[in-house]
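A.B. asks: The structure under discussion is supplied below as structure tokens; questions concerning it will follow.
The values are calculated or read from the model by the stated rules, or taken from the named source; none is laboratory data. If you're wondering where the values come from, they're calculated on a predicted model, not measured in any experiment. Because the Cβ atoms are built from the backbone with ideal geometry, glycine has one as well, and the counts that use them run over all protein chains shown. For accessibility, only protein heavy atoms count, side chains too; no ligands or nucleic acids. Shrake-Rupley method; radii C 1.70, N 1.55, O 1.52, S 1.80 Å.
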Amino acid sequence: MEQSVSFDLELIRRYDQSGPRYTSYPTAVEFSEAFDETAYKAACARSNDSGRPLSIYFHIPFCDTVCFYCACNKIATKDRSLAPPYLERVYRELAMQSALFDRSRRVEQLHWGGGTPTFLSHAQMSELMDVTRRHFDLAGDDVGEFSIEIDPREADASTVKLLRNIGFNRMSLGVQDFDLKVQTAVNRVQTEAETMAVLDAAIAEGFRSTSIDLIYGLPFQTVASFSNTLERVIAVNPQRLSIFNYAHLPERFKPQRRINDADLPAPEVKLDILQSTISRLTEAGYVYIGMDHFARPDDELALAQQAGTLYRNFQGYSTHADCDLIGIGVTSIGKVDNTYGQNRRELEEYYADIDAGRLAVFRGIELNRDDLIRRDMITKLICHFQLDIRTAEATWGIQFADYFADALTKLQGMANDGLVEITPTQIRILARGRLLVRNICMAFDAYLATKTGPIGFSKVI
């Protein structure tokens, strides 16, 4: 597939609205407490008939310090004694979850996120992986995709060596920006040397993939300052880059109230940073995967996109579309069979459920046929920038033009603006529309059509 992206400032300004990131469809705002532990267990039983491989996500919520921009579910603390009681509950949850899945179902994907997973000590990280292997059959290193999010301030070469020894083969590093003034404003002072030490160790220890996260739109950023950070990152040639848009929502995320609005770059400066970044990464040979993600042409994400097998889930873009996802830990979300289920979001409530011998799933949703059809369309568009209408009709037994009459009406204006091309057999997102893929997917979202007023999502750009 052709993977270029075009930057049209006027169109981006006109279409820059709030919208879902579509790590799931329906999105989490549609989850209901009518979906509980009983419903989740029923979904697990159904999923065993499929024999699909498994993916496990572990949420480690603790951070040593709070980054003011952060919108993640985390607990900022310097008290390392909080880790053992949390891990005790995670081990119990692992035991309860493993009892629901056939042992023959291999775990092909595993991810530790947070928070800061490396908040845990070396001994605790080793123990967590040992307990996981005790309850689940993890695929070998040649097949398994085992990744961890790393704060370079919380890791060194010995940490990286340990992580490789216990089975991790991928990592993502939070950098955000190397500029000290920016770092100070968001309470994340992190030297370039700290970051490079972790990257060098990852290469030495044989990690298959490294990804670096940057954020544009932070206080005091300029095109020149962000370009300087970008050049230093490009120089180390990571397999993947994530360039996130900072969504300033202080009314929802308390740490963001520590950021002075007056220090934020103006909207036109943010767009200039984005345009410059896309141009430079393209020049450096990176492929635009979608949303905020770039990858080398030989990276598995780029290859999966070319092959039409790329997928999207709560960890972002993925090459393991056929896995059932088990969420472990406070606030984790799983995808099992045709359901999504989420664990308790407060630590005390999570502990109470686990201590009572209950799974902590407290809300979720069971997808109906319409949800499944629309999820398929949105996934095709957000992962591959196109969908084949005849395949959709054959797969779902629908007349596309009738079933999606409202969506096609919404897309017509975008077609007139050169964002998409619509033919009787295909919808294809053009280069001018790729940065606005969320807008295009929203045309297929049945839930958005019923909402009035603010919808609580971040801006698409």
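A.B. asks: Could you list the GluC sites (Glu not before Pro) in region 322-397 that lie in coil according to DSSP, counting only those with at most 14 other Cβ atoms within 10 Å of their Cβ?
C.D. replies: E346
A.B. asks: Taking K and R as +1 and D and E as -1, what net charge do the other residues with C-beta under 9 Å from the C-beta of H111 add up to?
C.D. replies: The answer is -1.
A.B. asks: Take the alpha-carbon positions of region 176-237, form their convex hull, and give its projected area averaged over all directions (one quarter of the hull surface) in nm².
C.D. replies: Its Cα hull, projected and averaged over all orientations, spans 4.1 nm².
A.B. asks: Hey, rough spin-label estimate for Q275 and E10, points 7 angstrom out along Cα→Cβ, what's it come to in nanometres?
C.D. replies: Between Q275 and E10, the simple spin-label model gives 1.3 nm.
A.B. asks: Give me the dipole magnitude in Debye, nearest 20, for region 338-379 about the Cα centre, with unit charges on the beta carbon: positive for Lys and Arg, negative for Asp and Glu.
C.D. replies: 180
A.B. asks: Over the Cα atoms, compute the radius of gyration (one decimal) and Dmax (the largest Cα-Cα distance, rounded to a whole number) for the chain, in Å.
C.D. replies: For the chain, the Cα-based Rg and Dmax read 21.6, 61 Å.
A.B. asks: Taking only the alpha-carbon atoms of region 102-173, what semi-axes of the equivalent ellipsoid follow from 5 times the gyration tensor eigenvalues under a square root, in whole Å, largest first?
C.D. replies: Rounded to whole Å, the semi-axes are 22, 12, 11.
A.B. asks: In Å and on Cα atoms, what radius of gyration and Dmax does region 1-76 show?
C.D. replies: Considering region 1-76 through its Cα atoms, Rg and Dmax are 19.6, 51 Å.
A.B. asks: Given the chain, what count of lysine pairs have C-alpha atoms under 23 Å apart, with each pair 8 or more places apart or on different chains?
C.D. replies: Close lysine pairs under the 23 Å cut-off: 16.
A.B. asks: Determine, from the Cβ-Cβ distance of E421 and Y447 and an R0 of 30 Å, the FRET efficiency 1/(1 + (r/R0)^6), rounded to the nearest 0.05.
C.D. replies: About 0.70, to the nearest 0.05.
A.B. asks: Further, regarding this structure: Using just the helices of the chain, give the 222 nm mean residue ellipticity in deg cm²/dmol: DSSP H runs with n ≥ 4 each add -39,500 (n - 2.57), and the total is spread over all residues, rounded to 500.
C.D. replies: When only DSSP H runs of four or more count, the value is -11000 deg cm²/dmol.
A.B. asks: For region 371-420, take the alpha-carbon Rg, divide it by the Kirkwood Rh, and send me Rg/Rh.
C.D. replies: In region 371-420, Rg relative to Rh is 0.96.
A.B. asks: Please go through region 1-110 and write out the trypsin sites (Lys or Arg not before Pro) that DSSP classes as loop and that have at most 10 other C-beta atoms within 10 Å.
C.D. replies: Here the trypsin sites (Lys or Arg not before Pro) that fit, given the DSSP loop and packing criteria, are K78, R103.
A.B. asks: With labels modelled as points extended 7 Å from the Cα through the Cβ direction, what inter-label distance (nm, one decimal) is found for R46 paired with E393?
C.D. replies: Each label point is offset 7 Å from its Cα along the Cβ direction, giving 2.9 nm.
A.B. asks: I'd like the carbon and sulfur percentage of the solvent accessible area for the chain, probe radius 1.4 Å, heavy atoms only, ligands and nucleic acids excluded.
C.D. replies: 50
A.B. asks: List the residues of region 49-68 whose backbone N lies under 19 Å from a point placed 7 Å from the Cα of A197 along the Cα-to-Cβ direction.
C.D. replies: 64-65
A.B. asks: Extension gain N237-L100, at 0.36 nm per residue separation less the Cα-Cα distance, in nm?
C.D. replies: 45.1 nm
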